[in-house]
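Data block below; observations after.
Only the coordinates and a few stated rules stand behind these numbers; no lab work does. None of the values given here were measured: they were computed from a predicted structure. Please note: Cβ atoms are built from the backbone with ideal geometry, for glycine as well, and neighbour counts cover all protein chains shown.
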Amino acid sequence: MIACPDRSGTRFFLAGAIAAASIAFGAPAGTANERAAPGDGPVRLAQAAPSDSRTAPVRLVPPGGAPPSAGPSEGAQEPKPSPTPEGNTRASDAGGVTTTALSDLDTAAVGLIDSSEGGLGISIWRGSKRGLIEKLISRLPTRTRSVAARKLAIRLLATRAEAPQGASNGPDLLTSRVSRMVELGEVDVASRLADQISVERTGESLARSAVEALFLQNDNAGACQRVRDFALRSAEPYWQRAFAFCLLLSGDGARADMIVDVLAERGEDDAGLFSELIETLNGGEPAAVESLSDPAGLDLAMMRAANIPLPADVLSSDRPAVLRTVVRSPNADLDLRLEAGERAFLYGAIGADGLGELYAAVEWSEAELNDPVSTAEGRWGSRSRALLLRAAATAESPSMKALILSRAFGLAREKGGRDIVAGASAPVLKSIPPDPALAWFAPEAVSALLATGHVEEARAWLGMTGGGTETGPQTSKTVARLWALRLLAAPEIESATVDEQALRIWRDAAYGNDTEAARRATVLAFTLLEAMGVEPGAGRWGELLAEGPPARVPAPNVAWTRALDEASADGRVGETVLIALLGLAGSNADPPGPAAIRKAVESLRQIGLDSEARALALETAVAHGL
């Protein structure tokens, strides 16, 4: 019996309702479509057979048996592996990763990858206090536009490692890791991580994060397998709503209605949205949903199953996981999906290929296709960005691709969307071979490739322009502008030197007579080079100071810098990464300042993460227009 609050005499009624519903969870009296009155236009449910409404619904829990291996609902990811029986070993679906779960294993130690697979090492928490790590992970930023920071955060959260020592005084470590993965939009990884421990050892918060991850993937069958167990344990409204939804998907609308009535009597009807959606799914009139400003995965799953159009404010929470789900929602109009897609792309919740697929859904007239640049200039927005990238991808020659992309970059700098165009253009950029004849395009190509973490491809362009093949004054000037990026991206950066003549030519080529802009850029270049171990040369800092008064810039938080110093000096790898990521969050639109980046880069290098440190330095250089 569920220990729910005793409100208006409903305690025992709710317990009995849920228990009765669970007994018959897999043996419904009839489908929602069968209960609809003639002419009502019943809604086809995600679990219903696609062609014959008389076909029996998929049973989520058969009588007297364990949950079957159900296929995914429409648009869902492949079914996730069932939780590992404790004491057994199995290979997961994450690239053949072998995972082991032991009955006496601290759940904080489970993970998906080890050091040979991109993990940060089994001892990353050695020397760190458990209570501190729990609190830091629960505050890990999830809305970051830094490709390097996001990759590092995901690797940290997925790493299999010894649990940190000490007493727990914060949120459960595994629960926080799964929750952060969900909020990053890595819902499939979150599901696999939650699957590493048995259901019996799963707490309510972890279970809810795991179920939300599955609903956000439109894996209703997988979510409902988890929901049944926790609906019997908890009287929390979330579990009861989810259970009613799952009952209805299995065809048991009568018992779903019973739970709706109890929740309404208790005043836990979620502002009426839930009951309206259940009524719609049960064959009633379509619900009119005008606002859904901060939806849970369950809300989005119910909206999709009921085929109710998503309102525009569904994006107002700006959560990467929600944005990612809206992109894949057939009940959202294309313009809403485009907005969600571009924002999800900025946060890394979908990749360039995913955004490209969304762009491909846009239709244009023959006139627009024949003159994409003029069309984009007159009506800039997501559809115009899609048009220009389509035109670049389908252009017949590398030079034409470069011309179209160059115009797209220019419009994005002028009218907005620079980061979107730079990132989304990566597949096209990688198809353009570096050619001395395209040296004029090299700064654009290098910046876009570095901004999205494609360092090797950027080095090919830098190598081409650094080989003395320039053919004229204008090309030489273009090549000179890449001096700072060429140094920072050099494979053997430790042996790089700051040549006085090259420095002067770079300043002249990139900034001309704007001495203040040249000085700011030089300060940034020296800061990043020093952080990577390159000495600018004796006396050069003093010379910069003599050129003009120092600019007023916000200094990094003292507590952050000191905590980072202590963690990195003591070799506490995971703690150093966590603290660095916390300090780099800043504003979504503005990159971190040079001082903060320098501290983060130096600290990451001190714990042996040189390539990750360089990725941050290169991103910063491009973001500040170096």
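A few comments on the model shown:
- Here the Karplus curve 6.51 cos²θ - 1.76 cosθ + 1.60, taken at θ = phi - 60°, turns the phi angles of the stretch 373-385 into couplings of 5, 5, 4, 5, 5, x, 8, 6, x, 4, 5, 5, 4 Hz, with x standing for Gly and Pro.
- The mean of 1/r over all distinct Cα pairs in the stretch 297-374, once inverted, gives the Kirkwood hydrodynamic radius of 13.3 Å.
- Listed peptides 165-174, 214-223 appear in the order 214-223, 165-174 once ranked by packing, highest mean of other Cβ atoms within 10 Å at the front.
- Gyration tensor (alpha-carbon) shape descriptor, the stretch 244-327, a/c threshold 1.5: prolate
- Prolate/oblate/rounded label for the stretch 499-626 (Cα gyration tensor, a/c 1.5): prolate
- Sorting the segments 144-152, 349-357 by their mean number of nearby beta carbons within 10 angstrom, highest to lowest, gives 144-152, 349-357.
- Euclidean distance of C-alpha centroids, the stretch 389-464 and the stretch 272-299, integer Å: 44
- Ranked 612, 535, criterion: other C-beta atoms within 10 Å, fewest first: 535, 612
- Three principal axis extents of the stretch 148-287 based on alpha-carbon atoms, in descending order, are 51, 32, 25 Å.
- Counting every other Cβ atom within 10 Å of each residue's Cβ, 324, 562, 319, 383 order from fewest to most as 562, 383, 319, 324.
- Assigned charges on the beta-carbon of Lys, Arg, Asp, Glu; the stretch 149-288 dipole about Cα centre (debye): 920
- Distance between the stretch 310-342 and the stretch 504-576 - C-alpha centres, whole angstrom: 39
- Within the stretch 146-186: backbone nitrogen closer than 16 Å to the residue 116 label point (7 Å, Cα to C-beta): 160-161
- FRET efficiency, 1/(1 + (r/R0)^6) with R0 45 Å, evaluated for residue 169 and residue 540 via beta carbons: 0.40
- Neighbour counting of Cβ atoms within 10 Å sorts the residues 599, 430, fewest neighbours leading, into 430, 599.
- Cα-based shape type of the stretch 473-525, given that a ≥ b ≥ c are square roots of the gyration tensor eigenvalues and the cut on a/c is 1.5: oblate
- In sequence order, calculated HN-Hα J values of the stretch 502-507 (Karplus, 6.51, -1.76, 1.60; Hz; x Gly/Pro): 5, 5, 5, 5, 4, 4
- Estimated distance in nm for a label pair at residue 361 and residue 555, the labels positioned 7 Å out from Cα along Cα-to-Cβ: 5.0
- Given +1 at the Cβ of Lys and Arg, -1 at the Cβ of Asp and Glu and no other charges, the dipole of the stretch 496-626 around its Cα centre is 180 debye to the nearest 20.
- Within straight-line reach of residue 477, meaning a Cα separation under 15 Å, sit the following aspartates and glutamates at least 8 residues removed in sequence or on another chain: 444, 508.
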